[in-house]
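The values are calculated or read from the model by the stated rules, or taken from the named source; none is laboratory data. These figures come from a predicted structure and were not determined experimentally. With ideal geometry, Cβ positions are generated from the backbone for all residues, glycine too; neighbour counts draw on all protein chains shown. Side chains are part of the model used for accessible areas, which takes the heavy atoms of the whole protein and leaves out ligands, DNA and RNA. Shrake-Rupley method; radii C 1.70, N 1.55, O 1.52, S 1.80 Å.
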Number of protein chains: 2
Amino acid sequence: MNREIPVADLLSQAAEGQERAIAILISEIEGGKARAVVDCLVGRPPNAQVIGLTGPPGAGKSTLAGRLASSLLAIGSKVGVVAVDPSSPFSGGALLGDRVRMDWPDQARPFMRSMATRGSTGGLAGATEDTVALLSWLGFTHVIVETVGAGQNDLAIAGIADTVVVVSVPGLGDSVQTEKAGMYEIADLHVVNKSDRPEAGQLAAELRHVTEPRDDWEVPVLLTNALDGSGVEELRDQIERHRAHLLEAGRFEGRRQERARSRLIAAAAARAESATRARLSEVGGLSEIAEQVVEGTLSVYQALDLVLAGDSDDSERDAWLDRGLP
Amino acid sequence: MNREIPVADLLSQAAEGQERAIAILISEIEGGKARAVVDCLVGRPPNAQVIGLTGPPGAGKSTLAGRLASSLLAIGSKVGVVAVDPSSPFSGGALLGDRVRMDWPDQARPFMRSMATRGSTGGLAGATEDTVALLSWLGFTHVIVETVGAGQNDLAIAGIADTVVVVSVPGLGDSVQTEKAGMYEIADLHVVNKSDRPEAGQLAAELRHVTEPRDDWEVPVLLTNALDGSGVEELRDQIERHRAHLLEAGRFEGRRQERARSRLIAAAAARAESATRARLSEVGGLSEIAEQVVEGTLSVYQALDLVLAGDSDDSERDAWLDRGLP
């Protein structure tokens, strides 16, 4: 779709605020053409603050993301919301249903997008980070990345976000979910949503009890009610305060450096994945290798050596390694 | 720890049933020495049936895994249980708490192990699959892999297990979690646990309504109560029936082939990851490259080309690619 429009033209249209052009560019990123887009995004420092919003299903993250976006828009920010949904490994499509319907201030609206992670290595760390880079290059000041679920994805957010907001909700076995997923260690801010529930105060007290300062930052525990918006302005202010803290403490740059290193590692993995996938589907003899793994006559590592070695022509080997570029 | 004992000796001890030797071998797999172990596991077809047990937190999966193990032991099976917990990206340790305490039949016990996934690419598809290969080589007939959470991990189980059991529980917003995570498509068996809850029958009916046959297999929806063990024998029988179905339909081999291919792709990604990580930490000039990504003067893909190119000496490049072997 719209493959005819050059990336440079799409970027010009996107820079003028045409949401459709942004949407097409993100589809290109998701569809394996990330490099064509991302290589054009140089020459501007990526200044957008990336806010990770994570927590268990049913915590009200999508509604809270919408409220937070609204609150940031009200003070003149340019806001993007990227929702990373776990998706089927078979159908490949992101499920909708987390869309937020609300009244935006003064006709300002955030740019909103659901991403399909497709279960691949590149998943969250790949397409999402490339989308964040795109929005940042386009002058967005804040990008909210919402991750659904309570697994690896939610911890990966720590490698993407400047500020990680962990959302809890009373009545889901209290703090057990959070504890299990190692969320305490990645939270820059804790939010107890659905603050109208009777157990909200108790959960907040528990979180305050177990939360420890991170790099001279006292992790705040806030109460919000995304449905009526209460507590959201304080959340916004604390997010701004966290950015200021990172900048003052000289840690903003360090986090970004760490992020760039993680991104490079993830990009290398994604490249190797797609190269190996291509190699397995191209070369006839390789199904024999998989067969030998099934039969137990080759270990997976021995098989991988054979797959990667191919014929002993090094230039060919280099060629397929390079072909794996997204 | 115990690095002095050669892998071959550990394997002999493990084959004699010494659980401590198995535990050390799995620690070696987790600790980046997987290849040394797995390359020894050739010559025997991996015959263990791999049962994936997945579902949202709080569904009672660990207790059910224990009950199922007990039920399999009672008919003479040799059973391993591998629990894949989401773990902190910082501390790297698996949290305990999912251990099952129960009475085992006739002094037979399953081998039980919690794995830390460490948020790496190799995570579930790597260390867990290598551990399954180890247990299978050691003559275990059934390996139950329990995954916690409701994210990517749970879908990855479809790439590891011969039989995927999706556990639901009434009162967690009913079937919503299952739907979100694409679980319908990976389930070979549905279990509604905590069947004593009043909404259990309703949830089972909903699941029966939405479940469709997979490859001529009518996906059963079972009711269990892991606390008192009711329904567990039927679950065991249906798992056995599913294996027979796969074998009869000629699909067992196909699934295993597909699994071997996925495993090769994941191993290639893990190798590239660790190679890139090593390269980033070794070569001085590379922090400059990460810096340029942070400043927006290089895209991540351009930076990766530079990292992988190194100096233009191809033999060195090949050397570090090979060094990345787990």
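Among (1) under 27 Å from A:Ala36 (Cα atoms); (2) modelled with pLDDT of 80 or more, which single condition is B:Leu280 missing?
Single failed check for B:Leu280: (2).
Could you check segment A:204-225 and list, in sequence order, the residues that are crowded, with 16+ Cβ neighbours inside 10 Å and modelled with pLDDT under 90?
A:Glu206, A:Leu207, A:Thr211
Within segment B:233-261, take every residue that is within 16 Å of A:Ser281 (Cα to Cα) and open to solvent by less than 50 Å² (accessible area, probe 1.4 Å) and give me the one that is farthest from the chain's Cα centre (by Cα).
Taking the candidates together, the pick is B:Gly254.
Taking A:Ala270, is it at pLDDT 85 or above and closer than 18 Å to B:Arg271 by Cβ?
So A:Ala270 does not fit the description; no.
Count, please, the residues in segment B:26-56 that happen to be open to solvent by 20 Å² or more (accessible area, probe 1.4 Å) and β-branched (Val, Ile, Thr).
Of the residues in segment B:26-56, 1 are open to solvent by 20 Å² or more (accessible area, probe 1.4 Å) and β-branched (Val, Ile, Thr).
Could you list, in sequence order, all residues of segment B:198-236 that are assigned to a loop (DSSP other than H, G, I, E, B) and in contact (Cβ under 8 Å) with a residue 60 or more places away in the chain?
Matches in segment B:198-236: B:Thr224, B:Ala226, B:Leu227, B:Gly229.
Taking the stated definitions as given, is B:Ser230 surrounded by fewer than 20 Cβ atoms within 10 Å (Cβ to Cβ) and of a type in the set (Ser, Thr, Tyr)?
Criteria met by B:Ser230.
Taking segment A:42-56 as the region of interest, how many residues are more than 21 Å from A:Gly231 (Cβ to Cβ) and either under 18 Å from the mean Cα position of the chain (by Cα) or without any contact (Cβ under 8 Å) to a residue 12 or more places away in the chain (or both)?
Residues that pass the stated criteria total 7.
From the list B:Ser62, B:Ser71, B:Ser77, which residue is of a type in the set (Gly, Ala, Ser), touching a His at 6+ places or on another chain (Cβ under 6 Å) and over 16 Å from B:Ala161 (Cα atoms)?
After applying the criteria, what remains is B:Ser77.
Looking only at segment A:288-325, how many residues end up being within 9 Å of chain B (Cβ to nearest Cβ) and at pLDDT 75 or above?
The number of residues fulfilling the criteria is 19.
Mind telling me which of the residues A:Ala21, A:Ala65, A:Ala59 ends up being over 30 Å from A:Arg197 (Cβ atoms) and either open to solvent by less than 20 Å² (accessible area, probe 1.4 Å) or in contact (Cβ under 8 Å) with a residue 12 or more places away in the chain (or both)?
Only one candidate passes the filter, namely A:Ala21.
Within segment A:25-39, can you find the residues that are more than 8 Å from chain B (Cβ to nearest Cβ), of a type outside the set (Asp, Glu) and in contact with a helix residue (DSSP H, G or I) (Cβ under 6 Å, 6 or more places away or on another chain)?
Matches in segment A:25-39: A:Leu25, A:Ile26, A:Ile29, A:Ala36, A:Val37.
Being at the interface with another protein chain (Cβ under 8 Å from one of its Cβ atoms) and at pLDDT below 90 is the filter here, so list the residues in segment A:125-146 that pass it.
A:Glu129
Mind checking which residues of segment B:237-281 are in contact (Cβ under 8 Å) with a residue 12 or more places away in the chain and either over 30 Å from B:Thr141 (Cβ atoms) or acidic (Asp, Glu) (or both)?
B:Glu258, B:Ala269, B:Arg271, B:Ala272, B:Glu273, B:Ser274, B:Ala275, B:Thr276, B:Ala278, B:Arg279, B:Leu280
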